Amino acid sequence: YQLRAFQNFRHIPLPLVNKNITLNINVYIPEITETKSKPLKFTLAFDNTVDGLKYIVLAQLGQDLLQKYGLNKENVDISFGYIHPSNNDAGNDANGWIKYMNSNDNCAKIRNASSLFAVISRRDGKSKFIPTFNLIVSENDSYVEGIIDLLTFTKLDACIDNIPGNQMIQCLSAIPQNQEQQLANYDSPIIYYNNHLITDNKNYKINITKNACLLRIWIHRHYTKNSPKNISINIDANDQVIIQRALQKSSNANISWEFIKAKLKEYWTTLSTYNISDLLAPFCYGYGNYNEEQWIQNEKANAKSVYEKLKQLTDSEKLANKWLSIKINGMMKQNKTQKINYTKPKMLNNLSECLEVYEMKETSDGNGVDCQ
């Protein structure tokens, strides 16, 4: 009888899966600082939802830190997201690296080796926060670490729908606090928004749109290789007329700089005396008084000039996105090597692993899993 009772007591259902995962998460509180995050590391079950993450993050931050700045659990919102190459297949779109988590997502939705972040903001809705990627490139063609995070969040008033280019540059060119000496040999940052170079022009308006990101790059003054540059170009009224003529017969609603460049090239290569009358009619009168051959040569030269201006812009934007892609892919490779943020449950291979998990404290408040 005693033997049978003992055998019955020792008959326990061992788990076949370790549901616990370890997350490394960078917590941003733009109300406090826009340049540095607070790193947190904790273990939880993979099936915890975003609500579970919120509870754990706020608990680890502690009430004292939040209350110091007038924040508490009742008046803040938390958004979670992650950076991963799979979010951006082409790798040439700064807006595509980030994927935000929905309220009903659980941790298993996060891709392995991602860079995970949380943004804590005041619930009053008086501010909006633009994801901002930051690169500092040394004279030796390497990325400088420790001065500013790769990802930060730039704070703007919620009512701002557009902002002059020179004002945005002034806002984002400020050197991070206590880093003046480290950046003394660096030029002012080159800044892009929504994949377009921002020019220092008060008449150049930036429309703030959802899901668009900023990218700013500090480059060492002694950097000798090809790099994005602070390009000062001016598309004047005459240039705008040339562009209008090149686009006259285009019905494409999604017009980009690359599209305009292609149309300009097509324009000057196909321009002839046979299409001048149709071309000039919407723009000027009395064109018949012009020397047609001379007008065509001048028009081709002007179109090529506008093309070269736009090429400077697009070359700078392409190379900036390439640099960001290299940085993010390098960071993901390092995360894979160090097994950081592996978010899938682990199958247990032997009895000792099963017993170890059985003796661990159960942390899950989510759904169970079916194992085969």
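Of all residues being at pLDDT 90 or above and among the polar types (S, T, N, Q) in the stretch 302-315, which is surrounded by the fewest Cβ atoms within 10 Å (Cβ to Cβ)? Just the residue, please. Out of the qualifying residues, it is Ser305.
Sort out which residues of the stretch 168-221 are of a type in the set (Lys, Arg) and modelled with pLDDT of 90 or more, and write them in order of number. Write out each step before concluding.
Quick first cut of the stretch 168-221, residues of a type in the set (Lys, Arg) only: 202, 205, 210, 216, 221.
Result: Arg216, Arg221.
Among the residues of the stretch 159-174, is any assigned to a loop (DSSP other than H, G, I, E, B), of a type outside the set (Gly, Ala, Ser) and within 30 Å of Ser114 (Cβ to Cβ)?
First, the residues of the stretch 159-174 that are assigned to a loop (DSSP other than H, G, I, E, B): 159-161, 173-174.
Cutting the leftovers down to of a type outside the set (Gly, Ala, Ser) gives us 159-161.
Then drop every residue that is not within 30 Å of Ser114 (Cβ to Cβ), which leaves none.
No, the conditions are met nowhere in the stretch 159-174.
Looking at Gly81, Gly70, which one is out of contact with any helix residue (DSSP H, G or I) (no Cβ under 9 Å at 6 or more places or on another chain) and part of a loop (DSSP other than H, G, I, E, B)? I'd like the intermediate steps shown before the answer.
Details: Gly81 fails: part of a loop (DSSP other than H, G, I, E, B).
One residue alone meets the criteria, Gly70.
The set of residues in the stretch 148-199 being of a type in the set (D, E, K, R) and crowded, with 20+ Cβ neighbours inside 10 Å consists of Asp149 alone. Scanning the stretch 41-61 for residues that are modelled with pLDDT under 85 and within 25 Å of Ile130 (Cα to Cα) yields nothing. Scoring Gly165 on the criteria (1) in contact with a Phe, Trp or Tyr (Cβ under 6 Å, 6 or more places away or on another chain); (2) in contact (Cβ under 8 Å) with a residue 60 or more places away in the chain leaves a single failure, condition (2). Annotation: of all residues in the stretch 33-62 being free of Cβ contacts under 8 Å to residues at least 60 places away in the same chain and of a type in the set (Gly, Ala, Ser), the one that is farthest from Tyr342 (Cα to Cα) is Gly62.
Screening Trp257 against (1) at pLDDT below 80; (2) open to solvent by 60 Å² or more (accessible area, probe 1.4 Å) leaves a single unmet condition, (1). Pairing each residue of the stretch 177-205 that is over 20 Å from Tyr223 (Cα atoms) with any residue that is among the acidic types (Asp, Glu) and assigned to a loop (DSSP other than H, G, I, E, B), provided the two are 6+ apart or on different chains, yields C-beta distances under 9 Å for Asn195/Asp93. Selection within the stretch 57-90: residues that are touching a strand residue (DSSP E or B) at 6+ places or on another chain (Cβ under 6 Å) and aliphatic (A, V, I, L, M). The member of this set that is farthest from Leu116 (Cα to Cα) is Val76.
For the stretch 222-236: of the residues being open to solvent by less than 70 Å² (accessible area, probe 1.4 Å) and at pLDDT below 85, which is nearest to Asn140 (Cα to Cα)? Top of the filtered list is Ile231. In the stretch 196-252, of all residues being within 19 Å of Ala94 (Cβ to Cβ) and hydroxyl-bearing (Ser, Thr, Tyr), the one that is farthest from the chain's Cα centre (by Cα) corresponds to Tyr204.
Yes/no per residue for (1) among the hydroxyl-bearing types (Ser, Thr, Tyr); (2) closer than 19 Å to Asn134 by Cβ; (3) at pLDDT 85 or above; (4) surrounded by fewer than 18 Cβ atoms within 10 Å (Cβ to Cβ):
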{"position": "Phe6", "(1), (2), (3), (4)": "no, no, no, yes"}
{"position": "Lys19", "(1), (2), (3), (4)": "no, no, no, no"}
{"position": "Ile32", "(1), (2), (3), (4)": "no, yes, no, yes"}
{"position": "Pro39", "(1), (2), (3), (4)": "no, yes, yes, yes"}
{"position": "Gln63", "(1), (2), (3), (4)": "no, no, no, yes"}
{"position": "Gly81", "(1), (2), (3), (4)": "no, yes, yes, no"}
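The values are calculated or read from the model by the stated rules, or taken from the named source; none is laboratory data. This structure is a prediction, so every number in the text was calculated from the model and none was measured. We place every Cβ from the backbone using ideal geometry, glycine too, and count neighbours over all the protein chains shown. The area values use the complete protein model at the heavy-atom level, side chains included, leaving out ligands, DNA and RNA. Shrake-Rupley method; radii C 1.70, N 1.55, O 1.52, S 1.80 Å.
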